[in-house]
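**Student:** Below is the structure I would like to discuss, written out as structure tokens.
The values are calculated or read from the model by the stated rules, or taken from the named source; none is laboratory data. Please read these numbers as outputs of a predicted model, since none were measured by experiment. Every residue, glycine as well, gets a Cβ built from its backbone with ideal geometry; the counts of neighbours run over all protein chains shown. In case anyone asks, the SASA skips ligands and DNA or RNA and just uses the protein heavy atoms, side chains included. Shrake-Rupley method; radii C 1.70, N 1.55, O 1.52, S 1.80 Å.
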Amino acid sequence: MAGPLQGIRIIEFAGIGPGPFCGMMLADHGAEVIRIDRPGGFMDPRDPLSRNRTSIALDMKNPEAVQIARDLCKSADGIIEGYRPGVMERLGLGPDVLLGDNPKLVYGRMTGWGQFGPYAQAAGHDINYISLSGVLHTVGLAGQKPVPPVNYVGDFGGGGMMLAFGMSSALLHAAKTGQGQVIDCAMTDGSALLAGMSWWFHGAGMIKDEAGVNRLDGGAPYYDTYTCSDGKFISIGSIEPQFYALLRAKTGLDADPDFDVQDDQENWPAKKAKVAALFATKTRDEWCELMEMTDVCFAPVLSLSEAPHHPHNVERKTFVEVAGVPHPAPAPRYSATVNDTPRQAPAVGGDGDAVLAGLGYDADKIAALRGGGAVR
């Protein structure tokens, strides 16, 4: 793969969610990512999180397979693993062993709760991690229960992307100093960090400690989504006074003195009701014709089916087709080290012989390992 990480080798121990997302990020930006899969596993060729990989299937209950994994890590710049704390140590592949073999290795550990702490050994998912960090409390409608933001904030933003940043930082350090290290990436930590601005606002007394009543969480009439007459939705983000004034001018709200004061929060609910009634009078397309590509800070709320076909996304090639389905394109973009078009996910174990040959194993040794069940 082309990209700024070209020449970097990462070993990814197969998992779900944030680990594969981190592997995708590194592979999208040029790293060679060799994925160690479980025998009998499956990768959907349409899955963006599994694209741009090489796959070898190892039975980690077999000591010879563990040795192969260890040999791979000797050849690598970094690894990614997303098991509960202690699992890699029990396999004989913990940080002490692998950094002993390869002192420059960047050992990336992806968990929900972190490598230590009272919750460290408990199962969990995105919804639990962002609950503990305080983030989920901030998402939802006023007076109603919190609404899970899919699994974007914990798994991918606070998890996979945070680990990709940590790996890139530690790889740069290793290149300069020859010193590897362990990265303890916890989704509780990462999701808390993503909410840094909310922690500032809360600490400064600028927001209420509840959801749906503040400027950026749907409480303000000028920063929310609204239903149109055709049942589709638009988004308005007219925060700055000049953008708020343009919103009023475009919609006729400049004739209503109730909207003269922008941030009279006690009147927000009544004003929101008026704005909702106004936007319900036209279709989404009609509002787009009036406000799209203006300084109102407006956009239609597009579905997953619609987004790849919007002219802005088409011109920027925000989506690319892989294995017959739209994928989000690698991001961000570079002027000098341009990313390749993504390759679809490989078959599990489909590159095993090539990976072993790259480690110096001859054909007889590879056949013996396959016959012994270490490689499937």
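**Student:** For region 226-265, name all the residues that are over 22 Å from residue 293 (Cβ atoms) and over 35 Å from the mean Cα position of the chain (by Cα).
**Tutor:** Of everything in region 226-265, those that are over 22 Å from residue 293 (Cβ atoms) and over 35 Å from the mean Cα position of the chain (by Cα) turn out to be 255, 256, 257, 258, 259, 260, 261, 264.
**Student:** So which of 140, 160 ends up being in a helix (DSSP H, G or I), in contact with a Gly (Cβ under 9 Å, 6 or more places away or on another chain) and open to solvent by less than 30 Å² (accessible area, probe 1.4 Å)?
**Tutor:** 160
**Student:** Still on this model: Quick one: in region 241-262, of everything that is without any contact (Cβ under 8 Å) to a residue 12 or more places away in the chain and of a type in the set (Asp, Glu), which residue is surrounded by the fewest Cβ atoms within 10 Å (Cβ to Cβ)?
**Tutor:** 260
**Student:** Ok, one more. Please work out if residue 51 is more than 21 Å from residue 374 (Cα to Cα) and surrounded by fewer than 16 Cβ atoms within 10 Å (Cβ to Cβ).
**Tutor:** no
**Student:** Please list, ordered by first then second residue, the pairs with beta carbon atoms under 7 Å, 6 or more apart or interchain, first in region 77-94 and closer than 11 Å to residue 115 by Cβ, second surrounded by fewer than 20 Cβ atoms within 10 Å (Cβ to Cβ).
**Tutor:** The qualifying pairs are 84/121; 85/115; 85/120; 85/121; 88/94.
**Student:** Here's another thing I want to ask about it. Got at least one residue in region 35-47 being aromatic (Phe, Trp, Tyr), over 23 Å from residue 342 (Cα atoms) and either open to solvent by 10 Å² or more (accessible area, probe 1.4 Å) or not in a loop (DSSP other than H, G, I, E, B) (or both)?
**Tutor:** no
**Student:** May I ask you to list the residues in region 163-197 that are more than 23 Å from residue 97 (Cα to Cα), open to solvent by 50 Å² or more (accessible area, probe 1.4 Å) and not hydrophobic (A, V, I, L, M, F, W, C)?
**Tutor:** 189
**Student:** Is one or more of the residues making up region 106-126 open to solvent by 30 Å² or more (accessible area, probe 1.4 Å), part of a helix (DSSP H, G or I) and either at pLDDT 95 or above or in contact with a strand residue (DSSP E or B) (Cβ under 9 Å, 6 or more places away or on another chain) (or both)?
**Tutor:** Looking through region 106-126, none of the residues is open to solvent by 30 Å² or more (accessible area, probe 1.4 Å), part of a helix (DSSP H, G or I) and either at pLDDT 95 or above or in contact with a strand residue (DSSP E or B) (Cβ under 9 Å, 6 or more places away or on another chain) (or both).
**Student:** Within the set of pairs 6+ apart or on separate chains, which have a first residue in region 13-32 that is assigned to a strand (DSSP E or B), a second that is basic (Lys, Arg), and C-beta atoms under 7 Å apart?
**Tutor:** Here the result reads 32/9, each pair linking region 13-32 to a residue that is basic (Lys, Arg).
**Student:** So, of the residues in region 224-240 that are of a type outside the set (Asp, Glu) and open to solvent by 20 Å² or more (accessible area, probe 1.4 Å), which turns out to be farthest from residue 281 (Cα to Cα)?
**Tutor:** Only one residue fits best here, namely 239.
**Student:** Name the single residue, out of those in region 344-367 being open to solvent by less than 60 Å² (accessible area, probe 1.4 Å) and over 30 Å from residue 326 (Cα atoms), that is modelled with the lowest pLDDT.
**Tutor:** Restricting to residues being open to solvent by less than 60 Å² (accessible area, probe 1.4 Å) and over 30 Å from residue 326 (Cα atoms), the top hit is 366.
**Student:** Has region 204-223 got at least one residue that is open to solvent by 30 Å² or more (accessible area, probe 1.4 Å), more than 28 Å from residue 85 (Cβ to Cβ) and assigned to a strand (DSSP E or B)?
**Tutor:** So far as region 204-223 goes, yes, one or more of its residues are open to solvent by 30 Å² or more (accessible area, probe 1.4 Å), more than 28 Å from residue 85 (Cβ to Cβ) and assigned to a strand (DSSP E or B).
**Student:** Identify the residue in region 78-105 that is within 19 Å of residue 21 (Cβ to Cβ) and outside any strand (DSSP E or B) and, among all such residues, is most open to solvent (accessible area, probe 1.4 Å).
**Tutor:** For region 78-105, the residue satisfying everything is 84.
**Student:** Does residue 1 fit the bill of being closer than 19 Å to residue 339 by Cβ, part of a loop (DSSP other than H, G, I, E, B) and under 21 Å from the mean Cα position of the chain (by Cα)?
**Tutor:** Against the criterion (closer than 19 Å to residue 339 by Cβ, part of a loop (DSSP other than H, G, I, E, B) and under 21 Å from the mean Cα position of the chain (by Cα)), residue 1 qualifies.
**Student:** While we're on this one: Counting just the residues of region 220-233 that are out of contact with any Asp or Glu (no Cβ under 9 Å at 6 or more places or on another chain) and in contact (Cβ under 8 Å) with a residue 60 or more places away in the chain, which one comes out farthest from residue 140 (Cα to Cα)?
**Tutor:** Going through the qualifying residues, I end up with 233.
**Student:** Turning to a different aspect of this structure: Here are some residues: 121, 115. Which one is in contact (Cβ under 8 Å) with a residue 60 or more places away in the chain and more than 19 Å from residue 27 (Cα to Cα)?
**Tutor:** Criteria check complete, one pass: 115.
**Student:** Go through (1) in contact (Cβ under 8 Å) with a residue 60 or more places away in the chain; (2) open to solvent by 50 Å² or more (accessible area, probe 1.4 Å); (3) more than 30 Å from residue 268 (Cα to Cα) for residue 146 and report which single condition fails.
**Tutor:** Of (1) in contact (Cβ under 8 Å) with a residue 60 or more places away in the chain; (2) open to solvent by 50 Å² or more (accessible area, probe 1.4 Å); (3) more than 30 Å from residue 268 (Cα to Cα), only one is false for residue 146: (3).
**Student:** Return the pair list, or none, for Cβ contacts closer than 7 Å from residues in region 330-345 that are closer than 25 Å to residue 41 by Cα and basic (Lys, Arg) to residues that are surrounded by 13 or more Cβ atoms within 10 Å (Cβ to Cβ) and at pLDDT 95 or above, at least 6 apart or on different chains.
**Tutor:** 343/51; 343/52
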